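Take a look at the structure below.
The values are calculated or read from the model by the stated rules, or taken from the named source; none is laboratory data. All figures in this text were calculated on a predicted structure; none of them were measured in a lab. Glycine gets a Cβ as well: all are built from the backbone with ideal geometry, and neighbour counts include every protein chain shown. The protein model used for the area step is the full one, side chains on, heavy atoms only, and it has no ligands, DNA or RNA in it. Shrake-Rupley method; radii C 1.70, N 1.55, O 1.52, S 1.80 Å.
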Amino acid sequence: MKTVYADNAATTALCPEALEVMVSCLKDNYGNASSMHHSGQAAADVVFEARQDIAACIGADVNEIYFTSGGTESDNWAITNAARLGAKKGKKHIISTTFEHHAVLHTLMMLEKDGFEVTYLDVHEDGYVRVDEFTKALRDDTCLVTIMYANNEIGTVQPVEEIGAICKEKGVYFHTDAVQAVGHLPINVKEQNIDMLSFSAHKFHGPKGIGVLYCRKGIPLISFMQGGAQERNKRPGTTNTPAIAATAAALKKSCEEMDKNISYVSSLRDRLIDEIVRIIPRTRINGGRSPRLPGNVSFCFEGIEGESLLLYLDLKGICGSSGSACTSGSLDPSHVLLALGLPHEIAHGSLRLSLSEYNTADEIDYIIEQLPLVVERLRDMSPVWEKIMKGEN
């Protein structure tokens, strides 16, 4: 049976360059980077070089890069830090969107319980924030704007540069969850006026369990963990040298090959979208087509359940998802799709296929061949689809 991995938004395969440097560190450079002896200092040199490479990839300075356990920790750290700084000045208003990742939404919910007020911007049917609506939401007591760079479920890319420019003009901290964007889209934190940015290595062929927080020089960064003096006294815990080195190797490769990968993966994406919408009736593409992540494909199929669709596709060797891997155990429809205004019965029939440069044209052909057959089979068993065909829905 053919196997097609099309769930790269959940995680990616480790690239050879990242694997090589990771194994090298585990075997030959295993010293603790905080130790004073030569073995520890050799590891510290590896970490510093990785920090330099990562900073260069996003247009940051080396001392603006902090290593974390992943995107979730980076999001939590950035948001709670900006909120604390704002509260010290009597500013307790935050602006975000209705379709952020739960790492952001749940952190905002916690802050609301502590007396912060959050304005959640509408992302409309096409999945994009309107700059004029964002501008109207700004207040004198706004301390933070946190808007994701690109949505993890529907792939829509937000007007980050415009939002950043407005935040800079108004003196408001701007954080973006760029977990899905880093390594896939060109990013320059200085040119885009981004104050804080979060990302995770395993989304661009790096290892799991390692993330990065970029925090602009001049923003006080308050540690929200206690322990050792790692990460310039800001983030305690033994330095994960192998994962850090692998992150830099993966990101450097992704950035060097970005133009080629964007062109190639976008062509796969567009062909898959166009063919499935053409072949399968009552199919909806979720989110606007442009700007969109190169590898993101998100559908809703009327009359079926997304969970059943995933199981049948898996039997055909196709790995996809119904939305965010972080909420895959939930039976509720995606909050992202509901934020687009989709009714529950349609949002339940969702499918996200996320592609990478490792996917092939033959694999796309296989999905185009198998997906309509699976949808047809599920609809044949669906009383909901029967009602749709009878005009009752």
TODO: Kindly write out, for the range 194-206 in residue order, the coupling ³J(HN,Hα) from the Karplus curve 6.51 cos²θ - 1.76 cosθ + 1.60 (θ = phi - 60°), rounded to whole Hz, with x marking Gly and Pro.
DONE: 8, 7, 9, 9, 10, 7, 9, 5, 6, 8, 10, 6, x
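Between Asp45 and His102, what FRET efficiency follows from the Cβ-Cβ distance if R0 is 35 Å, with the result rounded to 0.05? Let's see the in-between values first.
Working: r = 37 Å, r/R0 = 1.06.
For Asp45 and His102, the calculated efficiency is 0.40.
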Task: Computed accessible area, Met109, all protein chains, 1.4 angstrom probe, square angstrom - done: 100 Å²
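For the chain, what is the relative contact order in percent, using Cα pairs closer than 8 Å and at least 6 residues apart in sequence? Can you show the working numbers first?
On the way: 763 pairs, mean separation 90.2, N = 393.
Normalised by residue count, the contact order of the chain is 23 percent.
In whole percent, and with a 1.4 Å probe on the protein chains, what portion of the accessible area of the chain is carbon and sulfur?
Values: 8760 of 16750 Å².
Ligands and nucleic acids excluded, carbon and sulfur give 52 percent.
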Task: Equivalent ellipsoid semi-axes - Cα gyration tensor, the range 1-110, angstrom - done: 33, 25, 12
TODO: Using the 2.2 N^0.38 Å rule of thumb for compact globular proteins, work out how the range 107-239 stacks up: its C-alpha Rg over that value, please.
DONE: 1.12
- [ ] Could you work out, for the range 341-391, what percent of all Cα-Cα pairs fall into each 5 Å distance bin, beginning at 0 Å and stopping at the bin that holds the largest distance?
- [x] 4, 14, 19, 21, 16, 13, 8, 4, 0
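Let me know the whole percent of all Cα-Cα pairs from the range 209-306 that are separated by more than 19 Å.
Working: 3083 of 4753 pairs.
When all Cα pairs of the range 209-306 are counted, 65 percent exceed 19 Å.
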- [ ] Compare Arg216, Arg51 by solvent-accessible area with a 1.4 Å probe and give them largest first, with all protein chains kept in place.
- [x] Arg216, Arg51
Open item on the list: If packing is taken as the average number of other Cβ atoms within 10 Å across a peptide's residues, how do 247-258, 36-47 rank, most packed first?
Closed with: 247-258, 36-47
TODO: Would you mind checking Lys92/Lys217; Lys208/Lys252; Lys170/Lys217; Lys2/Lys27; Lys89/Lys136; Lys168/Lys260 for any pair whose Cα atoms are more than 24 angstrom apart?
DONE: Lys2/Lys27; Lys168/Lys260
Open item on the list: What is the angle, in °, between the Cα long axis of helix 16-28 and the longest principal axis of the Cα atoms in the chain? Nearest 10 is fine, range 0 to 90.
Closed with: 40 degrees
Task: Principal axes of the chain: Cα extent on each, largest first, Å - done: 72, 53, 33
Open item on the list: I want the antiparallel fraction of DSSP beta bridges within the chain, as a percent rounded to 5.
Closed with: 55 percent
Open item on the list: Under the rule a/c < 1.5 gives rounded, and otherwise a/b versus b/c splits prolate from oblate, where does the range 1-66 land using the Cα gyration tensor?
Closed with: oblate
- [ ] Over all alpha-carbon pairs in the range 184-230, figure out the percentage whose distance exceeds 17 Å.
- [x] 51 percent
Task: Dipole moment magnitude, nearest 20 debye, the chain about Cα centre, only Lys, Arg, Asp, Glu C-beta charged - done: 880 debye
Open item on the list: Just to confirm, what accessible area per residue do you get for the range 190-297 at 1.4 Å probe, in whole Å²?
Closed with: 41 Å²
- [ ] Enter the accessible area per residue of the range 8-70 (Å², integer; probe 1.4 Å; all protein chains in place).
- [x] 49 Å²
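If we count every other residue with Cβ under 13 angstrom of Gly211's Cβ, Lys/Arg +1 and Asp/Glu -1, where does the sum land? Mind dumping the intermediate values first?
Numbers: positive: Lys203, Lys208, Arg235; negative: Glu73, Asp75, Asp177, Glu231.
Combined, the nearby Lys, Arg, Asp and Glu give -1.
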TODO: Evaluate 2.2 N^0.38 Å with N set to the residue count of the range 151-228, then give the Cα radius of gyration divided by it.
DONE: 1.19
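How would the range 84-124 be classified by its alpha-carbon gyration tensor: rounded, prolate or oblate, with rounded meaning a/c under 1.5 and the a/b versus b/c comparison settling the rest? Mind dumping the intermediate values first?
Values: a/c = 2.58, a/b = 1.71, b/c = 1.51.
Here the range 84-124 falls in the prolate category.
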Task: Alpha-carbon radius of gyration plus Dmax, which is the widest Cα pair, for the range 274-375 in Å - done: 13.0, 35
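FRET efficiency for Ala165 and Thr360, Cβ-Cβ distance as r, R0 = 45 Å, nearest 0.05? Don't skip to the answer; put the middle values down first.
On the way: r = 40 Å, r/R0 = 0.89.
Once the sixth-power term is evaluated, E becomes 0.65.
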